[in-house]
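The values are calculated or read from the model by the stated rules, or taken from the named source; none is laboratory data. Values in this document were obtained by computation on a predicted structure and should not be read as measured data. Glycine also receives a Cβ, built like all others from the backbone with ideal geometry; neighbour counts cover every protein chain displayed. Quick note on the areas: whole protein, heavy atoms, side chains included, nothing else; ligands and nucleic acids left out. Shrake-Rupley method; radii C 1.70, N 1.55, O 1.52, S 1.80 Å.
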Amino acid sequence: MTNESFYHFLGCIIPHRYPSIESAVKLVFKDLGMELLDMDGATCCPAPGVFGSFDRITWATIAARNLTIAEAGGHPITTGCNGCFASLWEANHELKHDDELRDAVNENLAVIDREFKGTIEVWHYVDALIQIAGLDRIREKVIRPFTGVRMALHPGCHWMRPKNLKKKDDSERPHIFRELCETSGATYVPYKDELICCGAGGAVRTADVKIALDFTRQKFESLKAAGGADMMITPCPFCELQLDMGQVEIQKYFEKEYTIDILHVVELLALAFGHAPDEFGLATHLQYMQRKSTPAWEKLGIKVEES
Amino acid sequence: MLEPHQKTALKVLEAGHAVPLDKESWENLREKVGLERVPPNASRYAEAIEDIKKIAKKTGFDKLVEEKKQKEE
């Protein structure tokens, strides 16, 4: 039985727009014997596209403030957002290796009586699941396999990229996220544009939602050309928002209809571990709220009682 | 700085989050999925927002966000 505690960095989109992810990860981590601790007073990571682009020192200082919360408690951080992972992991890495940046940041943190010490690590949920729980332990917990369900993946950008920095998996031919998702029993569906950006991050969606949706549309078309899938899995809530609510927006801006269920990897695992969808609120995704629809239960192989 | 980016930055300075818990409906959604209505982040702890404001003042980021607005006016 694994025994590891993490400060749970929620970010913005998970707690404030897709709380089903927060609910699901609590179930999954508990099932696997990993503890999630509240990270009281954490703020925006801050948004790497906007803050990282305009002012590196401010970006690093706000990120470092979050890191110091975990340093004070002596536990690593885990987050389920690729964007938050980018800010926190990269700030942590840079501050540990760049004395000039560290001095500048600590001068700023001094005004709020904090100091970055470089004593903790930042883990994405995916890293914690694979390296702490382990794939074997995860497979043991799967009691409702997604047998026969076609599963496309959207790994997103920041978990494994940039390659020279993150040094994990192969950003050109990745397999780690696939292996994690395949523990669910679902059938992996490769498609040409699996590795392209969803369109949301890097401050693109903020700048121009139609440009962002063009990326999303390209991804959906690529999947369609590959024969389609019953669901798409992602490790990032911003990607989930873009791919999920993006279907409604694509219909509005481009008059093109796509209908596919988008799940965060921890939502996939929660279902595979036997939890009912309403234990964590799968049907509260914004796509369903706006379309007044539900997940395609039959395609997902999930029996739900009519309410 | 594009205005939408400036607005996102301002959101962080005002609420501590780029995508804040800014409507009761989002709190209702949290309750619906079995979570406490307000998460233990800056949405709950106002002092965290004060920290962000102090940092922005120290680094001059608050001025960076303001200047563009003045130039556009």
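Bridging of residue A:166 to lysines at a Cα separation below 24 Å is possible for A:96, A:117, A:192, once same-chain residues fewer than 8 apart are set aside.
Separation of the alpha carbons by more than 24 angstrom is noted, of A:30/A:163; A:210/A:256; B:32/B:54; B:7/B:54; A:163/B:54; A:141/A:167, for A:30/A:163; B:32/B:54; A:163/B:54; A:141/A:167. By the beta carbon rule, with partners counted only under 4.7 Å, chain A holds these lone Cys residues: A:12, A:44, A:157, A:181, A:197.
Okay, helix-only estimate at 222 nm for the protein assembly as shown: each DSSP H run of n ≥ 4 adds -39500 (n - 2.57), divide by all residues, round to 500 deg cm²/dmol; what do you get? Don't skip to the answer; put the middle values down first.
Numbers: 20 runs with 196 residues, N = 380.
Mean residue ellipticity at 222 nm (helix-derived): -15000 deg cm²/dmol.
Once phi is turned into θ = phi - 60°, what whole-Hz ³J(HN,Hα) does the Karplus curve with 6.51, -1.76 and 1.60 give for every residue of segment A:296-304, x standing for Gly and Pro? Per residue, the Karplus-derived 3J(HN,Hα) values read 7, 4, 5, 4, 7, x, 10, 8, 10 Hz.
Highest first, please rank the peptides B:31-44, A:83-96 by the mean number of other Cβ atoms sitting within 10 Å of their residues. Don't skip to the answer; put the middle values down first.
Details: B:31-44: 18.4, A:83-96: 24.6.
Descending packing order for the listed peptides: A:83-96, B:31-44.
Once the 1.4 Å probe is applied to the protein heavy atoms, segment A:1-77 comes out at 27 Å² accessible per residue. Interface area, chains B and A: about 3400 Å² of buried accessible surface, summed, with a 1.4 Å probe and ligands, DNA and RNA left out. Can you tell me how chain A classifies by the Cα gyration tensor, rounded, prolate or oblate, using a/c under 1.5 as the rounded cut? The shape class here is prolate.
Rolling a 1.4 angstrom probe over segment A:1-157 with all protein chains present gives an accessible area of which 45% lies on carbon and sulfur atoms. Distant-in-sequence amide contacts of residue A:264, defined by a placed amide H-H separation under 5 Å and a gap of 5 or more residues or a different chain, comprise A:234.
Of all complete DSSP H helices in chain A, not one has a Cα span along the helix axis of 27 Å or greater and a mean Kyte-Doolittle hydropathy of 1.0 or more. Here the 3J(HN,Hα) profile of segment A:125-137, calculated from phi with Karplus coefficients 6.51, -1.76 and 1.60 at θ = phi - 60°, is 3, 4, 5, 5, 5, 7, 8, 9, 6, x, 4, 4, 5 Hz, Gly and Pro shown as x. Each peptide in A:31-40, A:138-147 receives the mean, over its residues, of other Cβ atoms within 10 Å, and ordering these scores from highest gives A:31-40, A:138-147.
Taking H as built 1.01 Å from N, whose amide H comes closer than 5 Å to the amide H of residue A:274, not counting residues under 5 places away? Amide H neighbours of residue A:274: A:143, A:144. Per residue, segment A:114-193 exposes 48 Å² of accessible surface when a 1.4 Å probe is rolled over the protein heavy atoms with every protein chain present.
Counting only Cβ charges, +1 for Lys and Arg and -1 for Asp and Glu, the dipole size of chain A around its Cα centre is about 720 debye.
Counting only protein heavy atoms and using a 1.4 Å probe, the accessible area of residue A:130 comes to about 40 Å². Starting from the Cα gyration tensor of chain B, take the square roots of the eigenvalues, sort them a ≥ b ≥ c, and report rounded, prolate or oblate (rounded when a/c is under 1.5, otherwise prolate if a/b is larger than b/c, else oblate). Since a/c reaches 1.5 but b/c is at least a/b, the shape of chain B is classed as oblate. Residues of segment A:57-103 whose accessible area (probe 1.4 Å, heavy atoms of protein chains only) drops by at least 10 Å² once all protein chains are present, relative to their chain alone: A:58, A:61, A:62, A:65. The residue list A:295, A:285, A:199 was ranked by how far each Cα lies along the charge dipole of segment A:194-304 toward its positive end, using unit charges on Cβ atoms, and A:199 comes out on top. Per-residue 3J(HN,Hα) values for segment A:116-121, derived from phi via the Karplus relation 6.51 cos²θ - 1.76 cosθ + 1.60 with θ = phi - 60°, read 7, 10, x, 10, 10, 10 Hz in sequence order (x marks Gly and Pro). The residues of segment A:229-307 present an accessible area of 41 Å² per residue when probed at 1.4 Å with all protein chains retained.
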